Each structure stands twice: as structure tokens, then as C-alpha cells.
Amino acid sequence: MQTTRRYRAVASKAFALIEPNSEQTMMNITEWSPAQWKKFGIGFFQVLLSFASFRLMQFAVRWYLFGRCTFRTFSYFGWRQDAVVNDREGATNIRSSQSLLVVPPNKKWRISNEAVSLIHSVVSGSWALYACLVYPQLLEDMVYYNNTFSHYLILLSTGYLLHDLIDLLINERSLRIMELLFHHVIVLIAFATTLATGYFLGVVVCGLLMELNSIFLHSRSLLNLYGVPKTSTAFRIIALLNIITFMLCRMVVSACLIYWQITTAWSMFWGYTLVTFVVIMSLAITNTVLCYRVLAADGLLGARRARRAPAVKVEESSVAVNASNTPNAQLVQPDNSVA
């Protein structure tokens, strides 16, 4: 009871401070003080530094795994047309991304992209969890409380999202990418609001707890891309941890944010209420859809909804030729990843 009263008191103070008056509303960047410009410049430089670090990491991972830094852009829609033609003619185009003989350009990009995303998930998820444990005020006052340690986490993740956004636009055209782009834009709006106003740091850090699940989500995708059987012990363990952390770190966190929105956020200035509503509800819907896909992919919603690898006809002569011409070839199962 005391905690609730304390939270309401702090929240009331916060909302009084973030309720814009006429003077604050008319404030624009031309009226910034030198200290404000300096703070903006430092933050902008730190975001660029994070962006550059993840770009360099992406190229390093590609070079380490495949001996090259760039891949040709892959169009899922064109791939679907080729798949229909091949299925009708009973042939297999070994140069397309449906082949199981080599790691095609799209697979190579997916592997390197998932690897960098996994690294970010480990760093940001652990960072967010540590921040919530060491600074419980982030959860007690999700609007007004601020600290430098958590602020740096937002700068780091902003740079990563910008990197991943560009990487997605350059390397693939598919419905999956459209969904990820929508997710990235929504999260960037949340980050930009926090960085621009200095408020809602607790909301954003709480949302970044979802990255703890992304550790296992990306790990599952990598196992899938490398063709690890779903019946193997490693895959089963990762899939189980993925489901458990999904429920705890995504669904529960989304539910808590929705509860905060319903009980608290409506007392704020309408512009802030609108932004938080759009961000929180968009993430909740995205997580719900992703939850269905995760459960369906692992066969927990019935055998009919479980994703299966498509049948691909491969001639023995083609296998022999490609195996000899591609020293770095690796048998990779078709991509049925949920992430």
C-alpha cells in the first residue's frame, strides 16, 4: 500500500512537470542553450559510434564466416515465382535460395544478421535487467526517473536499430522484413521520444527486457539456419528456453506496460499518451503474433500448424558437381525460422 501511494505521488509530480505549458510548447531548437546543444551533440555522436560499431561487427562476422563482406540483395517474391516454376518442371535451380546444396546468399546474410542480433540481445538484455535490479526507481517511476547508466543503453540500442534497419533494407525484400521494419520504426519512435524529452526511461528500459528472450529467439534461428534437427537435444533445449523466456520477458512485460498505460498514462499530456499508447499496443500486437508463430513452429498448436521443410528435388549429379565446386558448402535446411 505504501509503495502504491509513493508511486502515485511520484507519478503526479512527474506528470505535473511534463505537462507542457505555453512557454514549453513554443520552445524550439533555435532557442536551445549552448549546454543543450552540447548535450545533443554528445548523444548524437554516441549513437553514430554505436551504429558504426555494429556495422563493423556485421562485416567482421560475414568475413569470418563466409570470407566476404557483402551479399546480393534477395527478393522473396522473385524466389516464390522461381519455386513455382521449378515445382512444375520438376527441376531445381541450384543457384536460387531454395537449394539445399550450398549456403545461398540470402542464407549467408541471414546467418550473419542473426549473429549480430544475438550479440546485441545478450548485451542489451543483460544491461536492462541489471539496470532494473540496481535502479528499482526505473520501475517505480517509469516516467520521471533518469540515470546515465540506463541512458547509455538507449543510445547503444538506437545505434543498433539504425544499423539493422539499413541492413534489412539493403539485403532482403520479403514480408518478414516488412514486419521487422515496422517493429524497428516503432521502437525507434520510443527511443527518440525518450532521448528528446528525457522522460519515459523506465518504460523503455522495461521494454528492453524483451531482449532477454531475443537471446534464445536468435539462437533458435541460427540452429535452424545451420540445419540442426529439431529432434536434437540442443534444439529442444533452446526451443524450451525460448518459449519460457517469451512468456516471461515478452508477454508478461507487454501486459505490465498495458496495465501502466491504462492506469497511469492517461493522466499525462495527450501527445505523450498517444505516443506511449501506439508504441505499447504495437509491441503487444507484434508479440502476440510472434507468440503464435513460435508455438506453431514448435508444434505446440497441433501438427497441422507446425512448419515443415518444403520438399526439394535434387539430382545426384547436381549434388556431386556443387559439392566439388563449393569448398565452403554446407547442407542447410530450408528456412522456417520464426524470427
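Quick check: anything in region 170-186 under 20 Å from the mean Cα position of the chain (by Cα), among the aliphatic types (A, V, I, L, M) and crowded, with 20+ Cβ neighbours inside 10 Å? No, every residue in region 170-186 fails to be under 20 Å from the mean Cα position of the chain (by Cα), among the aliphatic types (A, V, I, L, M) and crowded, with 20+ Cβ neighbours inside 10 Å.
Could you check region 189-235 and list, in sequence order, the residues that are touching a helix residue (DSSP H, G or I) at 6+ places or on another chain (Cβ under 9 Å) and polar (S, T, N, Q)? Within region 189-235, THR193, THR194, THR197, ASN213, SER214, SER219, SER221, ASN224, SER232 meet the criteria. Is one or more of the residues making up region 234-254 outside any helix (DSSP H, G or I) and surrounded by 13 or more Cβ atoms within 10 Å (Cβ to Cβ)? No, region 234-254 contains no residue that is outside any helix (DSSP H, G or I) and surrounded by 13 or more Cβ atoms within 10 Å (Cβ to Cβ). Consider MET142 carefully, then state whether it is of a type in the set (A, V, I, L, M, F, W, C), buried (at least 22 other Cβ atoms within 10 Å of the Cβ), modelled with pLDDT of 95 or more and over 20 Å from TRP109 (Cα atoms). Spelling it out, it is not the case that MET142 is of a type in the set (A, V, I, L, M, F, W, C), buried (at least 22 other Cβ atoms within 10 Å of the Cβ), modelled with pLDDT of 95 or more and over 20 Å from TRP109 (Cα atoms). In the condition set (1) assigned to a helix (DSSP H, G or I); (2) more than 27 Å from THR276 (Cα to Cα), PHE182 is compliant with all but (2).
In region 244-265, the residues that are within 17 Å of SER121 (Cα to Cα) form Cβ pairs under 6 Å with partners that are assigned to a loop (DSSP other than H, G, I, E, B) and at pLDDT 95 or above, at six or more places apart or across chains, as follows: CYS249/LEU209; CYS249/MET210; ARG250/MET210; VAL253/LEU209; VAL253/MET210.
Set side by side, the residues SER324, SER254, SER317 differ, and just one is among the small types (Gly, Ala, Ser) and either touching a helix residue (DSSP H, G or I) at 6+ places or on another chain (Cβ under 7 Å) or at pLDDT 85 or above (or both), which is SER254. Among the conditions (1) touching a Phe, Trp or Tyr at 6+ places or on another chain (Cβ under 8 Å); (2) of a type in the set (A, V, I, L, M, F, W, C); (3) modelled with pLDDT of 85 or more, VAL103 misses just one, which is (3).
For region 198-211, the condition of being outside any helix (DSSP H, G or I), closer than 25 Å to TRP32 by Cβ and among the β-branched types (Val, Ile, Thr) holds for none of the residues. For region 193-211, the set of residues classified as at pLDDT 95 or above and either of a type in the set (Asp, Glu) or surrounded by fewer than 18 Cβ atoms within 10 Å (Cβ to Cβ) (or both) consists of GLU211 only.
Could you please let me know if LEU283 is under 27 Å from CYS206 (Cβ atoms), modelled with pLDDT of 95 or more, of a type outside the set (Val, Ile, Thr) and surrounded by 15 or more Cβ atoms within 10 Å (Cβ to Cβ)? Judged against the criteria, LEU283 is a match.
The values are calculated or read from the model by the stated rules, or taken from the named source; none is laboratory data. Nothing here was measured: the structure is a model prediction, and the numbers come from that model. A quick note on method: Cβ atoms are made from the backbone with ideal geometry, for glycine too, and the neighbour counts reach across all protein chains shown.
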